[in-house]
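The structure appears below as structure tokens.
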Amino acid sequence: MRMGAAAILQMFATMILLGIGCFGNSFIMLVFLVEYKRSWTLQAHELIVTLIVVANIVNELIYVFHFAIHFFNLCFYNGETIFALLSLLEGLIPKVISWLTAWLCFVYCVKIIKVNWRFFMRVKQRISLAVKVMIIGTIGLCCLISVPIYFMIHLKGNTTKGCRDFYVKVSEKELSVLYGGTLTFFTSFLPLLLMLVSSVSIVIFLCQHSRNMDKNMASSSSSHNEAHTSVAIMLICLIALFVVCNGTFLYINVQYAAGHFELLVLSALANTIYSSVSPAILIVGMVKLRHTFAKFFFRKGRRYSDQ
């Protein structure tokens with residue numbers, strides 16, 4: 001099969017994105033694995049970030065397979081089962097990432113905001129247990145709500161597009177549209193709402209207390225305040241990235257539920273962009289990751305240049 005210039009350029013850009021994403025996600029995962037090996041524990045937000053980057057890596061590996069199918073029009077024996085399973089994973093992993101990102105915003109909100117509300121105090125005291133419940137509940141919910149994708153995917157026979165040509169049975173289209181709306185509500189709208197409420201709460205808290213922090217500021221409290229500000233900016237950037245990528249995905253999700261799979265590659269690109277750009281935001285926004293990255297690459301580079 002001959003590929004046009006546009007397809008080759010698209011494949012090249014996609015491979016660059018996947019390479020950058022794998023590098024960033026692998027770096028974050030290694031940093032926290034070393035931290036876990038040293039102390040045999042991770043803080044709540046570090047555990048969530050580790051799971052996010054692991055999910056990103058799995059997501060990118062799945063999309064390597066997806067783009068290979070798309071660009072080279074690959075087919076396999078018993079292809080319908082394979083591609084139904086592939087579509088299930090492509091739907092499941094981004095939804096887990098969305099909820100984990102929302103829980104990351106919530107955990108930072110609980111850690112940064114100082115209020116005497118009973119709910120916040122109990123969550124702060126039992127943050128490790130709360131995070132484990134969040135993670136288990138998220139994976140369970142996303143698995144449960146993603147399973148119908150597997151049974152909706154069918155391959156067209158006698159077509160020149162081979163294994164790239166999907167369809168939804170006419171008898172299933174109304175149910176598929178209803179399912180798409182439910183999926184959007186539980187895996188896009190609710191996580192985004194939690195992200196916005198948590199991040200806006202952090203920003204409001206920091207703005208209200210910035211004057212008091214300036215008046216009674218020691219060097220340690222100054223660095224503490226800078227870390228909180230960095231976290232707030234990081235979360236806002238993650239939310240902006242989520243809105244841009246997921247906004248594209250929402251439209252595609254409606255078309256997907258109606259049985260129109262022409263924009264399926266655009267959906268894959270949006271998910272790939274999110275998985276590739278989000279680790280860069282995490283590295284810049286988290287003090288430990290930023291310092292480790294600077295120490296490992298920039299100082300190492302200087303040492304070699306001095307030699």
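Readers should treat all values here as calculations from the given coordinates under stated rules, not as data from a laboratory. Everything numeric here is computed off the predicted structure, so don't read it as measured data. All Cβ positions, glycine included, derive from the backbone under ideal geometry; neighbour counts span all protein chains shown.
Through the Karplus equation 6.51 cos²θ - 1.76 cosθ + 1.60, θ set to phi - 60°, convert the phi angles of the stretch 123-135 into ³J(HN,Hα) values in whole Hz; use x for Gly and Pro.
Once θ is set to phi - 60°, the couplings for the stretch 123-135 become 5, 4, 5, 10, 5, 5, 5, 4, 5, 4, 5, 4, 5 Hz.
For each pair in LYS37/LYS114; LYS37/LYS295; LYS37/LYS95; LYS132/LYS288, compute the distance between the two Cα atoms and list the pairs where it is over 26 Å.
LYS37/LYS114; LYS37/LYS95
If packing is taken as the average number of other Cβ atoms within 10 Å across a peptide's residues, how do 98-104, 14-20, 113-119, 61-67 rank, most packed first?
98-104, 61-67, 14-20, 113-119
May I ask you to order 236-245, 267-276 by the average number of other C-beta atoms within 10 Å around their residues, highest value first?
267-276, 236-245
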